[in-house]
1. Would you please give the FRET efficiency between K414 and K87, computed as 1/(1 + (r/R0)^6) with r the Cβ-Cβ distance and R0 = 60 Å, to the nearest 0.05?
2. Which of the trypsin sites (Lys or Arg not before Pro) found in region 525-555 are loop residues per DSSP with 10 or fewer other Cβ atoms within 10 Å of their Cβ?
3. Test of understanding: what is the full-extension gain from E55 to K189, defined as 0.36 nm times their sequence separation minus their Cα-Cα distance?
4. Suppose R0 equals 25 Å; then what is the FRET efficiency for N463 and I562 from their Cβ-Cβ distance, rounded to the nearest 0.05?
5. Can you bin region 411-574 into rounded, prolate or oblate? Criterion: square roots of the alpha carbon gyration tensor eigenvalues sorted a ≥ b ≥ c, rounded for a/c under 1.5, prolate for a/b above b/c, oblate for the rest.
6. What are the ³J(HN,Hα) values, in whole Hz, obtained from phi via the Karplus relation 6.51 cos²θ - 1.76 cosθ + 1.60 with θ = phi - 60°, for each residue of region 79-88 in sequence order, with x given for Gly and Pro?
7. I need the shape label for region 87-145. Rule: rounded when a/c is under 1.5, else prolate if a/b > b/c, else oblate, with a, b, c from the alpha carbon gyration tensor.
8. Using each residue's phi in region 206-212, evaluate 6.51 cos²θ - 1.76 cosθ + 1.60 at θ = phi - 60° and report the 3J(HN,Hα) Karplus result to the nearest Hz, with x for Gly and Pro.
Amino acid sequence: MEIKDISTFFKGPLEKLTTLVGNEVQQTFSNRLLEYQVEEYKRNFFSKTILHRAEPKPLNEFYQPLFIRLHKKNIEDKRVSTASAKKLLNKYNYITIIGSAGSGKSTIVKYLYTNCFKEGYKIPIKVELRYLNEFKGSINDYIFNEIFHFQKLGFSNSIIDRLLSSDGFVFFFDGYDELNSAIKSKTTKDIDSFVQKYPSNKYVITSRPYTSVDLLPLFSNFYVCDLEPNEIASFVKKQIPESESELAEKIIKAINKSENRSYGTFLSNPLLLSMFILTFQSYSDIPQKRSEFYDQVFDTLFSIHDAVSKLAYVREKTSGLSKDQFEEILQLFSFLSYFEEKFIFPSNYLTDKLDIIKSKKKNLTFDNDKFIEDLQVAIGILNKEGLDYTFPHRSLQEYFGALYISKVSSDNKKVLYGKLKLEIEENLGSLMSKDHFYGLLAEMDYNNLSSLVSIPLIESIHNELKQIEDITDKVAYQYYGKLLLPFYILLKSPTNHKEIHEELVDKNIRYTFFGHRKNRFEMPKDLPKEIYESMNFKLMKSKVLNFKNCGDRIIQALRQTIIDNEKSDSEIIGLI
């Protein structure tokens, strides 16, 4: 798309905005805005994915339209299409799009952004919120300075203010969950203030769950829907060239096998489905665990680049490192960067971390530039965006970081898990923003995570609860929330401890986290009546009271599971 095309699409919105600037700068403003929109359109329309890594691919060639669902009170509404930005945002002025890792949130934003061009609907502005982590200032400052002033879209703050006060823009704030914990609370208030200051525009925010983004006033909360069976088949066909239709049919047939249906829920997630397509020719069975997907993906990426095609070939690695060495470096880098809350990597950050790794691991000798080139070109597991680097998907960073923890020695695990336990104790709510990471870690190192972190945390919560005589609504809210996080996220109780889970959790309790950080478990004083009733405090209090009275038995049962797991391993070892 060139300037003349965008000029045609945005004739109406542009004419309206140009009347807000002085006559002497109207033409300059119009030209600069068009140039900016052309570049941003290209950045969003042409994308690299884990399946399309060699060169950017037009979004319309591989995008499977996704649906979102509005959560309102106790009712899950019908699926809402994201096929038209105009229809969606004319009905809902401010929306959050919430979805788990790999559900397609950012791709929805790219589609809606480019769809604004097709429909000639307002002027879209996209802000990747992770860039605020390194920015000294508010989101208002960022938009004024880094977008309008830097791109020369506004010639003074008063002109920018006049433009933003119109109803001419759609703001896409992508990746709320990627904000550092240190600035998240302030940024949340800044976003709310910005929306209140310029209420006539449209706003879309994306995030993973459990980040409190759903508490922003004025915003309607939508959750990304899973792919349905017919959409899975359509998704597969869109990812594979028409010349490879036979391969697409084989993949669809494998997915529909009766023995694979119990794992079909994995494949309703676009990222995991993409991973299955990528690895199909090497691994035609659907893995039972998410961590196995990632293992197969790295194996495939390392062995065969562009593996979705029958014409795939092995690319030469210029660094001279083995597969195990690549994996070790990725584990170390991911571990360090993840716990520093770094999700984009400037060149100097990346090379500094690689130098640290080489200084600590004497067995790893390599040239940084060649290693980075291999990650980009030969393996395709690192993307370059301007001057910065990123993983194709943040969940890869989480996988390698969790894998590192699962492989360190027993003594180091005690130290490392001790630090993680301390971090969680200081801010139990941090589990919510790291649920995918801990979910992977629970798959890879369940016994150690449980015995060194999960069970001690639950025991500490139980000891606190035993000191409280009267289980009021406030206490019930506080401790039910505190129990939900370690049981759901660390222990994966719905699958690993079904009986205990059913004893502690009830689907008729619609629990909502309202606060931030240390105040996350404080019940608001002015809780709306309909929310209060939906949360079923009578039932919640009975569950908390049950844990208070029976916690010792439940904790012992959890410990016994670990003992039984280790005993069975000892017995098997004894057989040789």
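1. So, using R0 = 60 Å, E works out to roughly 0.60.
2. Values: sites: K525, K529, K538, K541, K543, K548, R553; in loops: K525.
Hits after loop and neighbour filter: K525.
3. So the extension gain works out to 44.4 nm.
4. That gives a FRET efficiency of 0.80.
5. Details: a/c = 2.09, a/b = 1.67, b/c = 1.25.
The shape class here is prolate.
6. With the stated coefficients, region 79-88 comes to 5, 10, 6, 10, 6, 10, 5, 4, 5, 5 Hz.
7. oblate
8. Here the 3J(HN,Hα) series is 10, 6, 6, x, 6, 10, 6 Hz.
Readers should treat all values here as calculations from the given coordinates under stated rules, not as data from a laboratory. Keep in mind the model is a prediction, meaning the values are calculated, not measured. Because the Cβ atoms are built from the backbone with ideal geometry, glycine has one as well, and the counts that use them run over all protein chains shown.
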